[in-house]
Structure formats: structure tokens, C-alpha cells
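Visitor: Dropping the structure in here first, questions after.
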Amino acid sequence: MSDILTHLFLSPEAERYIEEHSTAEPELLVKLRRETHLKSHMPQMLSGPVQGRLLSMISHMLKPQQILEIGTFTGYSAICLAEGLDNNGILHTIEINPEWIEIAASYFSAAGLDAKVKQHPGAAKEIIPLLPGPFDLVFLDADKDHYSLYFDLIFDKLRPGGWILADNTLWYGRVLMPDADKDRETAGIMEFNRKMKNHPDVDCLLLPHRDGLSLIRKKSR
Ligand SMILES: C[S@@+](CC[C@H](N)C(=O)[O-])C[C@H]1O[C@@H](n2cnc3c(N)ncnc32)[C@H](O)[C@@H]1O
């Protein structure tokens, strides 16, 4: 592993200590994580126990009325985010792959979230324009080369003072590598990060959590 990556990620011991000293992952999410590992060749796409608890905490802090998630996968992060919804709140989640949509639907039912989670099958760039908003919280976690486009499509639907959480904004450290913008996904993340830094209407903090989680706040004027 290059020196850059060694310094980016926590040791397995530190990861374990953090997990052992944080609120335990709910049983249903343990089951979902196991099923995802059995059925997907990319189970690492799932948020996981610590990030899941972080998403739940943030959602509890904000008590959102409407959440938009871009990239449902098997539904793990949606269930975590839904934990903090306001009483009558709704979470909209977009996913392009029918295989994941079906698994996610069964876990939303098992979590008692049928009335609170609305699944939108299809390509995010086609679905976002159809959703009315306003959103209090957006979790951006789909194809990395389109983060900047998704931001543009979301921005007017995000209420002033609303939040975007953008996952993977260090993209496994690839943003730090020489020739980083030679691959499409890394270039997409780098474009998005520059845009957040320079955008006059947002505040942005790129947290060194896992492979980067950006907290972005739309300024209220
Ligand atoms: C990293 S995974 C999401 C993980 C999930 N948020 C979690 O933490 O458990 C990204 C998901 O985005 C989906 N996706 C990729 N491109 C998409 C697109 N253009 N529109 C909608 N979903 C897309 C993928 O099929 C994949 O399930």
C-alpha cells in the first residue's frame, strides 16, 4: 500500500475499537449486511455498521421531513437515515438495479417502513427532476462520475439550510494519486469536490471518515 493510503485509513484494530464502543448495529441490519455479502459481488458498497450509525445520528439531529437518497443498493443506509425522520417524514430513494430494489423493498417492509420509504426505480438523472422536494437532507451515494450533475439537479429542491451528505469523496484515496483524473469516477469526484469548495451558496466539510464523507450545507440567505 502506498504511503498516502497507509495514512488515510484507520488500522483494523482502531476500526474494531470504534465499532465496539459505538451503539450496536440493529439485528435487522446485521441480517441485511449478511444477505448483501451473499448476493452481491460488491458488498463493500453498503454503508456498514459505523457509517450506518453516523447516518442515523445525523438524521436524528436534523429530524428531516423529507430525505432524498441517490443510490439505494440493498437499503442499508436508507433504513439508517429513516430512523431519524420526523413523525410524518418520508424518505425517497432512487436505484437503477432491479435486483437491489427487490432486496431493499423486503427489508423496508421488515423494518416497518412501508409508509415512510418511497422507492424510485430508474436512473437518478431522470428521476430527480420528477421529485418535488423540498428536501431537508440528501444522501448522495450513486455513480461517482455524475455527482456534480446530481448536485445541480438537487440544488433548487434542497431547502435553504438543508444538507447534502456525499459519500466516497476521497474515493479510496484515488483523488490524491498522480494522474488521478485519468479515470472517469475519480475525475467525477474531483470535479464535485472542487465545485463544493468554490460554490458561493454552500459550506462544505470533507470529513476523513472511511473514504471521505462530505457534509454540505446550503446557505440560508
Ligand atoms: C454505493 S451503492 C449505494 C449504497 C447504499 N447507499 C448503502 O450505503 O447501503 C451505489 C448504488 O447506486 C446505484 N446506481 C448507480 N448508478 C445509478 C444511477 N445512474 N441511478 C440510480 N442508481 C444508480 C448502484 O446500482 C448501487 O446500488
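The values are calculated or read from the model by the stated rules, or taken from the named source; none is laboratory data. Bear in mind that the values here come from a model prediction, so they are computed numbers and not experimental data. A quick note on method: Cβ atoms are made from the backbone with ideal geometry, for glycine too, and the neighbour counts reach across all protein chains shown. What goes into the accessible areas is simple: the full protein's heavy atoms, side chains included, and nothing from ligands, DNA or RNA. Shrake-Rupley method; radii C 1.70, N 1.55, O 1.52, S 1.80 Å.
Visitor: Take LEU55 and decide whether it is of a type outside the set (Asp, Glu), open to solvent by less than 30 Å² (accessible area, probe 1.4 Å), in contact (Cβ under 8 Å) with a residue 24 or more places away in the chain and not in a helix (DSSP H, G or I).
Guide: Working: of a type outside the set (Asp, Glu): yes; open to solvent by less than 30 Å² (accessible area, probe 1.4 Å): yes; in contact (Cβ under 8 Å) with a residue 24 or more places away in the chain: yes; not in a helix (DSSP H, G or I): no.
Against the criterion (of a type outside the set (Asp, Glu), open to solvent by less than 30 Å² (accessible area, probe 1.4 Å), in contact (Cβ under 8 Å) with a residue 24 or more places away in the chain and not in a helix (DSSP H, G or I)), LEU55 does not qualify.
Residues are listed down the side, and each one gets a yes or a no for (1) within 12 Å of the ligand (Cβ to nearest atom); (2) within 19 Å of LEU85 (Cα to Cα); (3) more than 13 Å from the chain's Cα centre (by Cα):
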| site | (1), (2), (3) |
| --- | --- |
| GLU19 | no, no, yes |
| PRO26 | no, yes, yes |
| LEU38 | no, no, yes |
| MET42 | yes, no, yes |
| GLY52 | yes, yes, no |
| LEU55 | yes, yes, no |
| LEU62 | no, yes, yes |
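Visitor: Against the conditions (1) out of contact with any Lys or Arg (no Cβ under 8 Å at 6 or more places or on another chain); (2) closer than 27 Å to SER148 by Cα; (3) touching a residue at least 12 places away in the same chain (Cβ under 8 Å), where does MET42 fall short? Just the number, please.
Guide: Every condition holds for MET42 apart from (3).
Visitor: Which ones in region 197-221 are under 16 Å from the mean Cα position of the chain (by Cα), surrounded by 15 or more Cβ atoms within 10 Å (Cβ to Cβ) and in contact (Cβ under 8 Å) with a residue 24 or more places away in the chain?
Guide: Step one: list which residues in region 197-221 are under 16 Å from the mean Cα position of the chain (by Cα), which gives 204-217.
Add one more test, that the residue is surrounded by 15 or more Cβ atoms within 10 Å (Cβ to Cβ), and what stays is 204, 206, 209-217.
Within region 197-221, LEU206, HIS209, ARG210, ASP211, GLY212, LEU213, SER214, LEU215, ILE216, ARG217 meet the criteria.
Visitor: Select from region 63-109 the residues that are among the small types (Gly, Ala, Ser), in a loop (DSSP other than H, G, I, E, B) and out of contact with any helix residue (DSSP H, G or I) (no Cβ under 6 Å at 6 or more places or on another chain) and write down the one among them that is surrounded by the most Cβ atoms within 10 Å (Cβ to Cβ). Spell out how you get there, then give the answer.
Guide: Looking only at region 63-109, we keep the residues that are among the small types (Gly, Ala, Ser), and these are 71, 75, 77-78, 82, 84, 89, 104-106, 109.
Going one step further and asking which of them are in a loop (DSSP other than H, G, I, E, B), we end up with 71, 75, 84, 89.
With the extra rule that they be out of contact with any helix residue (DSSP H, G or I) (no Cβ under 6 Å at 6 or more places or on another chain), the set shrinks to 71, 89.
Details: GLY71: 22, GLY89: 18.
Step by step, filter region 63-109, then rank; the result is GLY71.
Visitor: When residues of region 85-103 are filtered for being more than 7 Å from the ligand (Cβ to nearest atom) and more than 15 Å from the chain's Cα centre (by Cα), how many remain? Please lay out each step first, then the result.
Guide: Narrowing region 85-103 to residues more than 7 Å from the ligand (Cβ to nearest atom): 85-93, 98-99, 101-103.
Filter once more, so that each one left must be more than 15 Å from the chain's Cα centre (by Cα): 85-90, 98-99, 101-103.
Qualifying residue count for the region: 11.
Visitor: Then there is this: Return the residue satisfying two criteria in turn: it lies in region 164-189 and is open to solvent by 20 Å² or more (accessible area, probe 1.4 Å) and not in a helix (DSSP H, G or I), and of such residues it is modelled with the highest pLDDT.
Guide: Our first condition is that a residue be open to solvent by 20 Å² or more (accessible area, probe 1.4 Å); within region 164-189, this holds for 170-172, 174-179, 181-185, 187.
From what is left, the residues that are not in a helix (DSSP H, G or I) are 170, 177-179, 183.
Working: LEU170: 96, MET177: 89, PRO178: 85, ASP179: 81, ASP183: 90.
So, considering only residues that are open to solvent by 20 Å² or more (accessible area, probe 1.4 Å) and not in a helix (DSSP H, G or I), the one modelled with the highest pLDDT is LEU170.
Visitor: If I filter region 177-193 for residues that are within 29 Å of THR23 (Cβ to Cβ) and touching a strand residue (DSSP E or B) at 6+ places or on another chain (Cβ under 8 Å), do I get at least one hit?
Guide: Narrowing region 177-193 to residues within 29 Å of THR23 (Cβ to Cβ): none.
Looking for residues that are within 29 Å of THR23 (Cβ to Cβ) and touching a strand residue (DSSP E or B) at 6+ places or on another chain (Cβ under 8 Å), one finds none in region 177-193, hence no.
Visitor: Going through region 128-147 one residue at a time, which ones are modelled with pLDDT under 95 and either part of a helix (DSSP H, G or I) or surrounded by 14 or more Cβ atoms within 10 Å (Cβ to Cβ) (or both)?
Guide: Here is the first cut: in region 128-147, the residues modelled with pLDDT under 95 are 132-133.
Selection gives GLY133 alone.
Matching residues to (1) touching a residue at least 24 places away in the same chain (Cβ under 8 Å); (2) surrounded by fewer than 17 Cβ atoms within 10 Å (Cβ to Cβ); (3) in a helix (DSSP H, G or I); (4) within 14 Å of the ligand (Cβ to nearest atom):
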position: LYS118; (1), (2), (3), (4): yes, yes, no, no
position: GLU126; (1), (2), (3), (4): no, yes, yes, yes
position: LEU149; (1), (2), (3), (4): yes, yes, yes, yes
position: GLY162; (1), (2), (3), (4): yes, no, no, no
